[in-house]
Every structure is written in structure tokens, then in C-alpha cells.
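Engineer: Would you mind keeping the following structure in view while I ask a few things?
The values are calculated or read from the model by the stated rules, or taken from the named source; none is laboratory data. These numbers come from a predicted model, not from an experiment. Positions of Cβ are generated from backbone atoms using ideal geometry, with glycine treated the same way; all protein chains shown enter the neighbour counts. Side chains included, ligands, DNA and RNA excluded: accessible areas come from the protein's heavy atoms. Shrake-Rupley method; radii C 1.70, N 1.55, O 1.52, S 1.80 Å.
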Amino acid sequence: MMALTIVICVRAFLTASGSRMAEAAEMEKEADLPEITWEDYQSGREMEPVILHFSFRGGTVVDWEAPYYPGIVEKTEYRDITGDGKAEALVYLYFANTATEYTLIHIFEIKNGTVRCISPETELVELDGYVWDMQIVESYADEERNPVFRMTSFAKENGMAFPNETLLVVYGENGWQILGQVSWEIRHAVWKIKESLK
């Protein structure tokens, strides 16, 4: 009975020690990630671009200015987007224009106290000229693959906004890749032609 009690106690100690070691490793990994603060439309910067501040341990602060305004930061999170086992910073930014409302997701690679924007628009020429609403497609967000993003642009005609283009994109071995694309603009044009022929 005494031997069984010792085995149970040792097992509990090793389990707790292993758990603490895993937690310590996770905390050390997270300690390298910066705290993100910002100045946005809600913080009094009327009609000014959103500015993000990435504050690292040791006092280094990296600032980054968002390309669209006025915007409001909805949330930030860390998630592995590139599949390298290291978390990227995701900043969700609410933005509205005369067409509709958007969530813009800015993605940042964090390495050795540096910050680099790796959002899809930095690589994909197909995204030029539009603002893109972004969402992570959770049905694709499993451990088998990198998260997939659905990106939608909008157009406006006669005061009515409609989807212009929808893309599914994922970060692969050679950067961002388009998995699928639907041109709503072409479908809308075909519909207009059919309506005019009635």
C-alpha cells in the first residue's frame, strides 16, 4: 500500500512538473511577442490612419500605420498563419466606406524584435485597387493546414452595394496562394444584360 502511495505521489509530481515546464516554455515563447496598443478613430484621431504600437521587452517599440482610415481596432490575437510553428500577430480593424462595412485583418510576422506586415495584399497583385473584407474560414482552420481566409471586395451602383469579388487565400510554402475565386462583378453584369432583354 505504501509503495502504491509513493508511485502515485511521484507520478503526480512528474505530471505537475511536466505541466509547469510546458507552461514555462509557453510563457517564455509568449514573452518574445510584443504587446500591441494603438491610436484609432475611437481614441480621438479623427480622419487619421490607425497607428499600431508593438512594444517588446527591453523597451523597443515598432510603429506601423494602417493604409485605410478612419478605422477602429476590434481585437488582436496571436495565431500561426504561415505554418512555421511561430505565432503571427493578427490585428482586426473595423473600417466603413460609402459601400459597406469591412473587417480588415492585418497580419504581422514577429522576428527578433522586428515587425513585418505579411498580409495577402503585400504579395497578391489581384488584390490591388480594392478594400477587402477578411474572415478566417473556420471550417478550414484545423491543425492539418494553415488557416484559410475569405476575402470579399464590394462595389456600389445606384446607391446599392454588392460583392464584387470573393477569394479564398492561404499562406503556403511560397507565400500567399489563391485557392478559389468568384467574380460577382461578371455575374452582376450578366444579370443586368438578362434584365435589360426582358
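Engineer: Scan the stretch 78-99 residue by residue and report those that are open to solvent by 20 Å² or more (accessible area, probe 1.4 Å) and among the β-branched types (Val, Ile, Thr).
Structural biologist: Listed by number, the residues that qualify are 82, 98.
So that you can scan it fast, the table gives a plain yes or no per residue for (1) touching a helix residue (DSSP H, G or I) at 6+ places or on another chain (Cβ under 8 Å); (2) not hydroxyl-bearing (Ser, Thr, Tyr):
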site: 67; (1), (2): no, yes
site: 71; (1), (2): yes, yes
site: 95; (1), (2): no, yes
site: 100; (1), (2): no, no
site: 108; (1), (2): no, yes
site: 113; (1), (2): no, yes
site: 125; (1), (2): no, yes
site: 137; (1), (2): no, yes
site: 155; (1), (2): yes, yes
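Engineer: Return yes or no: is residue 110 touching a Phe, Trp or Tyr at 6+ places or on another chain (Cβ under 7 Å), surrounded by 14 or more Cβ atoms within 10 Å (Cβ to Cβ) and either among the aliphatic types (A, V, I, L, M) or within 19 Å of residue 41 (Cα to Cα) (or both)?
Structural biologist: Taking the combined requirement at face value, the residue does not satisfy it.
Condition check ((1) closer than 20 Å to residue 79 by Cβ; (2) surrounded by fewer than 18 Cβ atoms within 10 Å (Cβ to Cβ); (3) modelled with pLDDT of 90 or more) across all residues:
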position: 119; (1), (2), (3): yes, no, yes
position: 130; (1), (2), (3): no, yes, no
position: 133; (1), (2), (3): yes, no, yes
position: 141; (1), (2), (3): yes, yes, no
position: 145; (1), (2), (3): yes, yes, no
position: 150; (1), (2), (3): yes, yes, yes
position: 154; (1), (2), (3): no, no, yes
position: 158; (1), (2), (3): no, yes, no
position: 162; (1), (2), (3): no, yes, no
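Engineer: Can you find even one residue in the stretch 64-71 that is out of contact with any Gly (no Cβ under 8 Å at 6 or more places or on another chain), open to solvent by less than 30 Å² (accessible area, probe 1.4 Å) and assigned to a strand (DSSP E or B)?
Structural biologist: Of all residues in the stretch 64-71, those out of contact with any Gly (no Cβ under 8 Å at 6 or more places or on another chain) come to 64-71.
Okay, now just the ones that are also open to solvent by less than 30 Å² (accessible area, probe 1.4 Å), so 66, 71.
Then drop every residue that is not assigned to a strand (DSSP E or B), which leaves 71.
Yes; the residues of the stretch 64-71 include at least one that is out of contact with any Gly (no Cβ under 8 Å at 6 or more places or on another chain), open to solvent by less than 30 Å² (accessible area, probe 1.4 Å) and assigned to a strand (DSSP E or B).
Engineer: Would you confirm whether any residue within the stretch 48-58 is open to solvent by 60 Å² or more (accessible area, probe 1.4 Å), at pLDDT below 95, closer than 16 Å to residue 119 by Cβ and not acidic (Asp, Glu)?
Structural biologist: No, the stretch 48-58 has no match at all.
Engineer: To continue, here is another question. Has the stretch 80-90 got at least one residue that is at pLDDT below 95, part of a strand (DSSP E or B) and under 21 Å from residue 122 (Cα atoms)?
Structural biologist: no
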